[in-house]
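Novice: First the structure, which I've put down as structure tokens, then a few questions once you've had a look.
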Amino acid sequence: MEMKTNSGQQGIGCLFVATCRRECLLSFRRKSDLVNPLIFFLMVATLFPLGVSPDPGFLAQLAPGVVWVAALLATLLSMDALFRSDYEDGSLEQLLLSPQPLFIVVLAKVVTHWMMTGLALTLMAPLLGMMLFLPAEGVPGLMLSLLLGTPTLSLVGAIGAALTVGLKKGGVLISLLVLPLYIPVLIFGSSAVQAAVTGLPLGGYLALLGALLALALVLAPLAISAALRISISS
Amino acid sequence: MSEQLLTVHKLFCERDDRVLFDQLSFTLEAGEIVQIEGQNGSGKTTLLRILSGLSRHYEGDILWRGEPVEEVREQFCRDLLYFGHQAGVKAVLTPEENLRWYAALSPAIDASTIPGALEQVGLKGYEDVPCHSLSAGQNRRVSLARLYLSHAPLWILDEPFTAIDKRGVAAKEQLLLQHAQRGGSVILTTHHELGIKGPVRKINLDQLAGTSTWR
């Protein structure tokens, strides 16, 4: 009996790793999907000094919110591609008919997607902070909040992507479905950065972001799996 | 008396207010090959998607080895190989990478048999070429290589011979026959004249209320 559960766990681990490896290969061979969200992130943040005001004091005030909104939109932009190519070439059908737990495959796909977008955005964020005159004290808070917040954005966005994958033009619909759900993450994320800038403790905000992440990590893959089954069924 | 694998009882499916089939009942025994016939739009693909469990838009009962298929979903998925309209081949991956992914998805497949399967479908030497550089037929072959890897008893194949050349079709027909002789069963749709020397049962959807709306 013990042997059996062991081999089962190993199988699931192998599946997780195999899925991650495949997704990495896919994104590195289709570099545009990899780079586009990052360029978008940079460009959105560039628009604010040009459009609002180049005044450093004013921008510093704006910076936490702007970086967070830009990261949120960049994640949203990349979400539509998550299941679309699998849907179009029939891999998604094969995925749903596999005897392996869909939860694991879906989780692996979202985790890899996050590493390619959310993690990259987090690493790029200090650059944007500098562009927007974010005080240096705010940078650790910015990175930590993005590190905890962007996986939640990816997980929730994937639910929207799974629901709209069967539609010809799902892009706009995803935004409408998912943006309201992003609001709590945005509020706690940008508040954490503001707290870091003013020197207040950010433990509370980070704990809330962590709680949101834990909740999304457990529940979102179930919702994504169910949504994929509905999308494929119609 | 051979074993009954799949039992379909009074299946009804409607699409866009058009009845595709009604009161469709049949059983599939181990060792049988069933060809679903019908004109374009008669619901062949829909039927195969329902049987494989992808589509839930139906009324009626589907039993797998005597149990409702919803209750034995995991075992059913283990026993099923589905070949759909789209081949399920990733264009940026090589044939070998594609098949490795399938091996990860179904634990019964032994990854070390992949090179042999690729050789069988005539893709030896193409292992490291990305699939977007292969022809349409070769892409279908990548997916058909799963037939050589699989140990699943039930094969559901939707137009498996599209874009495959004559020699390839003959080899696949031989493979289907071997599969049936081993005690597996096949449900397929095809517009080819099957050259299988053996019992092939045909189910014609046109006669099954497929065209009822304009009769």
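No value in this document is a laboratory result; all are computed from the given coordinates. Computed from a predicted structure; not experimentally measured. Glycine gets a Cβ as well: all are built from the backbone with ideal geometry, and neighbour counts include every protein chain shown.
Novice: Out of B:L80, B:L24, B:V129, whose Cα points farthest toward the positive end of the dipole of the range B:1-132 (charges: +1 Lys, Arg; -1 Asp, Glu; placed on Cβ)?
Specialist: B:V129
Novice: Between exposed GluC sites (Glu not before Pro) in chain B, where DSSP calls loop and at most 16 other Cβ atoms lie within 10 Å, what's the longest gap?
Specialist: After excluding every exposed loop site, the longest remaining stretch is B:4-69.
Novice: Arranged by the count of other C-beta atoms within 10 angstrom, fewest first, what order do A:V67, B:V121 take?
Specialist: Arranged by neighbour count, lowest to highest, A:V67, B:V121 become B:V121, A:V67.
Novice: Where does the protein assembly as shown land at 222 nm, in deg cm²/dmol rounded to the nearest 500, when only DSSP H runs of n ≥ 4 count, each adding -39500 (n - 2.57), divided by all residues?
Specialist: -20000 deg cm²/dmol
Novice: Relative to the Cα centre, what is the charge dipole magnitude of the range B:1-150, using +1 at the beta carbon of each Lys and Arg, -1 at the beta carbon of each Asp and Glu, and rounding to the nearest 20 debye?
Specialist: 460
Novice: Sticking with this structure for a sec: Taking a 26 Å limit on the Cα-Cα distance, which of the listed pairs A:K168/B:K124; B:K44/B:K172; A:K109/A:K169; A:K169/B:K90; B:K10/B:K44 fall beyond it?
Specialist: Beyond 26 Å: A:K168/B:K124.
Novice: Give the angle, between 0 and 90 degrees and rounded to the nearest 10, that separates the Cα long axis of helix A:118-131 from the longest principal axis of the Cα atoms of chain A.
Specialist: Between helix and principal axis, roughly 10 degrees.
Novice: Can you tell which of B:T113, B:T46, B:T27 shows the greatest fluctuation in a Gaussian network model of chain B with Cα springs below 10 Å?
Specialist: Answer for the Gaussian network model of chain B: B:T113.
Novice: Then there is this: In chain A, once you exclude exposed trypsin sites (Lys or Arg not before Pro) (DSSP loop, at most 11 other Cβ within 10 angstrom), what's the longest stretch remaining?
Specialist: After excluding every exposed loop site, the longest remaining stretch is A:1-167.
Novice: Additional query: Out of A:A71, A:L163, A:A192, whose Cα points farthest toward the positive end of the dipole of the range A:2-233 (charges: +1 Lys, Arg; -1 Asp, Glu; placed on Cβ)?
Specialist: A:L163
Novice: Another question, then. Rounded if a/c is under 1.5, else prolate if a/b is larger than b/c, else oblate: which is the range B:131-215, with a ≥ b ≥ c the root eigenvalues of its Cα gyration tensor?
Specialist: In terms of gyration-tensor shape, oblate.
Novice: A follow-up question, please. Using only atoms on other chains, find how many Cβ atoms lie within 10 Å of each Cβ of peptide A:84-97 and report the average.
Specialist: 6
Novice: While we're here: When only Cα pairs under 8 Å and 6 or more residues apart are kept, what is the percent relative contact order across the range B:4-207?
Specialist: The value is 30 percent.
Novice: Mind checking which aspartates and glutamates have their C-alpha under 14 Å from B:K197, skipping anything on the same chain fewer than 8 residues away?
Specialist: B:E32, B:E173
Novice: Let me have the relative contact order for the range A:2-233, percent, based on Cα pairs under 8 Å that are six or more residues apart.
Specialist: 25
Novice: Residues of B:83-89, mean number of Cβ from any other protein chain within 10 Å of their own Cβ, rounded to a whole number?
Specialist: Partner-chain Cβ atoms within 10 Å, mean over residues of B:83-89: 5.
Novice: How many angstrom separate the Cα center of the range A:16-66 from the Cα center of the range B:179-203?
Specialist: 53
Novice: Could you state the number of Å between the C-alpha centres of the range A:113-139 and the range A:218-234?
Specialist: Cα centroid of the range A:218-234 versus Cα centroid of the range A:113-139: 31 Å apart.
Novice: Let me spell out the model: positive unit charges on the Cβ of Lys and Arg, negative unit charges on the Cβ of Asp and Glu, origin at the Cα centre of the range A:12-117. What dipole size does that give, in debye rounded to 20?
Specialist: Result for the range A:12-117 is approximately 280 debye, rounded to the nearest 20.
Novice: With the contact rule set at Cα under 8 Å and sequence spacing of 6 or more, what percent relative contact order holds for the range A:51-134?
Specialist: 61
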